[in-house]
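Submitted below is the structure of interest, expressed as structure tokens.
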Amino acid sequence: MTTAITVNSGSSPRWDGPGAPARSRRGFDLKVLLWALVFPAKRHRISPTVPGLFLIVLAIGIGSAAYNTASNILFITLSLLLACLLLSGLLSWFNFAGVCWRLLPQGPWRAGHEAMVTVEVKNEKRWLPTYSLWFELSTQSRHVSPEEKPAKDMKIREVLAAIDRIVTRGRVHLRERIEPGGAASLDWLVKPTQRGEAVVELASVGSLFPFGFLKKNIGVAVRQTVLVWPAQITYQWIGAAAAHSGSQGQRTARAGRGDDLLAVRNYVQGDSHRLIHWKASARLGHLMIRQFAAESHDGYVLRLDTSAGVWTRPEQFELLCSFAATMAEDLFAAGRLRGLSVNGSSLVETRRIRDVEALLDELARLQVAGEVSSLRGNDASRGGGTPPAGSNHNVITFAPEGARGVSAYVDGHHAASA
């Protein structure tokens, strides 16, 4: 039975493997070493390869001939063949000893975009290097729809094909040796296809070292949970709605590129030299930078109603999440995103890039509401009802458009389609 080690993405992943710090502190014990050579630990599996099977059959044939003919040369040949098998197993065992690894998914993850998973490997041995390891990796969505799950009446091939559609597998190889006390990093590129929580798993570690006669495999099952943001899509913005929302600028008390001086701050590497306040710098003895007030247009608030009575098609709801995420990023880049409200909840303001990332996390976890909210049908989709508390900006709401599309409305006016 495989022991699973689950590590949350928010915490620092711990090391696992024969050379993990928790195991290396136990010290050397000759009895434990001999017992491990005779009876390997659980999840440690050794199997012969095709050349190994050929060597075993050849050894059996030469052994039979040696006993029938009593030839010393054949007995020496048999002993050499058996020594090769024994030496292969011992060197394979020493190759894994003192090695530890951990799994590090690199974020953020986004549906339809390549993401990177890093496997860090360390060799804690003092004298021997480590060679030729490979790492079996897989990823799948934590929540699989009933349509994608294999049915009970499926044939074996159909079940395997359904599993391959759900699970994405890969293998990364250690091309160079790791010196004693050294470390290496291996990267695996994967393209998630579905938003939401996904599980990245390091399933096993294997090696054919040294001769390729035996394949040693260690079942690991180290898991990490990652959050996949909705995919970016293309949508059509209607100019009439943008004109209706107003374009008169106003000064805001935040840093920007306006004409009014907002504050003076310390110089940070990368700031433009044209913004240096020379008088303040001479007076304080170090460089100071001028900050100007930003001139921004009226902002937008995204309001989502995820009622089951409105979003009856799963693919249309997924398009809604992608549409809202893409529009939120575009509005934030233009300095016009003010926040998000889901199902009449309080407004989540977006002032920094971290706020936008938190918004995308919210959209990644978004599910169809089990109960229909107080905003129903077209009234909810076209801006009916009371805006979220504290929101005095243009409100963008969403509604299904036909059987596949999604429409966005700005204060009741059709503004965009996806």
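The values are calculated or read from the model by the stated rules, or taken from the named source; none is laboratory data. Everything numeric in this text was worked out from a predicted model, so none of it was measured. Here the Cβ positions follow ideal geometry from the backbone for every residue, glycine too, while neighbour counts run over all protein chains shown.
Go over the candidates VAL200, VAL228 one by one and state the one that is modelled with pLDDT of 90 or more and touching an Asp or Glu at 6+ places or on another chain (Cβ under 8 Å).
Working: VAL200 fails: touching an Asp or Glu at 6+ places or on another chain (Cβ under 8 Å).
Being modelled with pLDDT of 90 or more and touching an Asp or Glu at 6+ places or on another chain (Cβ under 8 Å) holds for just one of VAL200, VAL228, which is VAL228.
Is it the case, given these coordinates, that GLY370 is within 29 Å of PRO108 (Cβ to Cβ) and at pLDDT 50 or above?
So GLY370 fits the description; yes.
Cβ-Cβ under 8 Å, sequence separation 6+ or interchain: first residue in the range 75-89 and in the same structural domain as PHE209 (by TED's automatic domain parsing) and free of Cβ contacts under 8 Å to residues at least 40 places away in the same chain, partner of a type in the set (A, V, I, L, M) and surrounded by fewer than 17 Cβ atoms within 10 Å (Cβ to Cβ). Which pairs?
The qualifying pairs are LEU81/LEU58.
Can LEU33 be described as over 22 Å from GLY212 (Cα atoms), at pLDDT 90 or above and surrounded by 11 or more Cβ atoms within 10 Å (Cβ to Cβ)?
Details: over 22 Å from GLY212 (Cα atoms): yes; at pLDDT 90 or above: no; surrounded by 11 or more Cβ atoms within 10 Å (Cβ to Cβ): yes.
Criteria not met by LEU33.
Within the range 172-180, is even one residue within 30 Å of ILE56 (Cα to Cα), modelled with pLDDT of 90 or more, within 24 Å of the chain's Cα centre (by Cα) and not in a loop (DSSP other than H, G, I, E, B)?
Looking for residues that are within 30 Å of ILE56 (Cα to Cα), modelled with pLDDT of 90 or more, within 24 Å of the chain's Cα centre (by Cα) and not in a loop (DSSP other than H, G, I, E, B), one finds at least one in the range 172-180, hence yes.
Of everything in the range 181-223 that's part of a strand (DSSP E or B) and among the β-branched types (Val, Ile, Thr), which residue is farthest from THR49 (Cα to Cα)?
Residue satisfying both the conditions and the ranking: VAL199.
If I ask for residues that are of a type outside the set (S, T, N, Q) and modelled with pLDDT of 85 or more, which ones from the range 373-402 would you list? Step through it out loud before you land on a result.
Our first condition is that a residue be of a type outside the set (S, T, N, Q); within the range 373-402, this holds for 375-377, 379-380, 382-385, 387-390, 393, 395-396, 398-402.
Of everything in the range 373-402, those that are of a type outside the set (S, T, N, Q) and modelled with pLDDT of 85 or more turn out to be VAL395, ILE396, PHE398, ALA399, PRO400, GLU401, GLY402.
What's the total number of residues in the range 335-345 that are closer than 15 Å to PHE398 by Cβ, small (Gly, Ala, Ser) and in a loop (DSSP other than H, G, I, E, B)?
Going through the range 335-345 one residue at a time, the tally reaches 1.
Continuing with this model, one more query. Of the residues ARG265, ARG257, only one is more than 30 Å from ARG14 (Cβ to Cβ), modelled with pLDDT under 90 and surrounded by 11 or more Cβ atoms within 10 Å (Cβ to Cβ); which?
Answer to the selection: ARG265.
Looking only at the range 312-334, which residues are of a type in the set (D, E, K, R) and either part of a helix (DSSP H, G or I) or crowded, with 19+ Cβ neighbours inside 10 Å (or both)?
GLU315, GLU318, GLU329, ASP330
Something else: Of all residues being at pLDDT 90 or above and touching an Asp or Glu at 6+ places or on another chain (Cβ under 8 Å) in the range 120-142, which is nearest to PRO18 (Cα to Cα)? Just the residue, please.
Step by step, filter the range 120-142, then rank; the result is ASN123.
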